[in-house]
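A short reminder: the numbers here are calculations on the coordinates, not readings from a lab. These figures come from a predicted structure and were not determined experimentally. Cβ placement follows ideal geometry from the backbone for every residue including glycine, while neighbour counts extend to all protein chains displayed.
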Amino acid sequence: MRAKIVAGNWKMNKNLAETETLLAELSAKLPDSTAEVMVAPAYVNLASAVRTLDNSKIEVIAQNMHYAESGAFTGEISADMLLNIGINTAIIGHSERRAYFAEGDEILSKKVVAALKNGMRVLFCFGEELEDRKSGNHFKLVESQLKNVLFSLEPAAWSKIVLAYEPVWAIGTGETASPEQAQEMHAFIRKTIADAFDATIANNVTILYGGSVKPGNAEEIFSKPDVDGGLIGGAALVADDFIAIIKAI
């Protein structure tokens, strides 16, 4: 049975004191749930977050990582550095990394391979821009993003992959894909994986929805059969909102 996951991507928000305060509040209010709960604070606060949540069920994950083991890559963080402080999962391919830092399929593929080589779990993000949706190209684009980065992996590697479909037009805009649109794409993703590998891998991979999930719409989105949780942005920065979303799953 595939995992249910609610992951909070904090992006470039919360200093150290604010991070510790929010984590303490989340930990205190965390409901009894079978879903996995993850938070991705800023890099400089990851070690502190791991210590703060030492006795919590909340997993601390990274927002990004470099593909090299070490070297002259100023400002970058390697898998070994993350593992050394207790981080075992990294977000790779977020739309903002693609848009603002020009991370294309080749770089993302190298990052995925590096994470898996080091035994890490990958939360891989992908999704279409508004113009792709309007032109009817959204299915083709999503298939291409999956194929170019993940379809060269060995079947066994999929046990370490979590997918996050994020319609870019619904991130931080207040717009949200309808639950029906989310289900349609998630079902397409699962079929695409089944065609490339097999039904077992497709049925076991967790596929999250990411795009303006809020307490008011989470339950309806999560009720769809192929939606296994969410990658949460702004709502993850408010303890009560994030807790409400966790309860919704």
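Pick out, in residue order, every one of the chymotrypsin sites (Phe, Trp or Tyr not before Pro) in region 125-162 that is DSSP loop and has at most 15 other C-beta atoms within 10 Å; say none if there are none.
Of the chymotrypsin sites (Phe, Trp or Tyr not before Pro), the ones in loops of region 125-162 whose Cβ has at most 15 other Cβ atoms within 10 Å are 151.
How many nm is it between the label spots at residue 199 and residue 144, if each spot is 7 Å from the Cα in line with the beta carbon?
3.1
Chymotrypsin sites (Phe, Trp or Tyr not before Pro), restricted to region 40-125: which are DSSP loop and have at most 14 other Cβ atoms within 10 Å?
73, 101
Pop out the ³J(HN,Hα) list for region 112-126 in order, Karplus 6.51 cos²θ - 1.76 cosθ + 1.60 with θ = phi - 60°, rounded to Hz; leave Gly and Pro as x.
4, 4, 5, 4, 5, 4, 8, x, 8, 8, 10, 9, 9, 9, 6
Write out the GluC sites (Glu not before Pro) in region 1-97 meeting two conditions: DSSP loop, and at most 12 other Cβ atoms within 10 Å of their Cβ.
Hits after loop and neighbour filter: 69.
Cα-Cα over 24 Å: which of 147/214; 57/214; 147/191?
147/214
Around residue 2, what is the net charge, scoring Lys/Arg as +1 and Asp/Glu as -1 over all other residues with Cβ under 14 Å from its Cβ?
Residues close to residue 2 contribute a combined charge of +2.
Could you work out the relative contact order of the chain? I mean the mean sequence separation of Cα pairs under 8 Å and 6+ apart, divided by the number of residues, in percent.
Result for the chain is 22 percent.
Remind me, relative contact order of region 1-111 in percent, using alpha carbon pairs under 8 angstrom and six or more residues apart?
22
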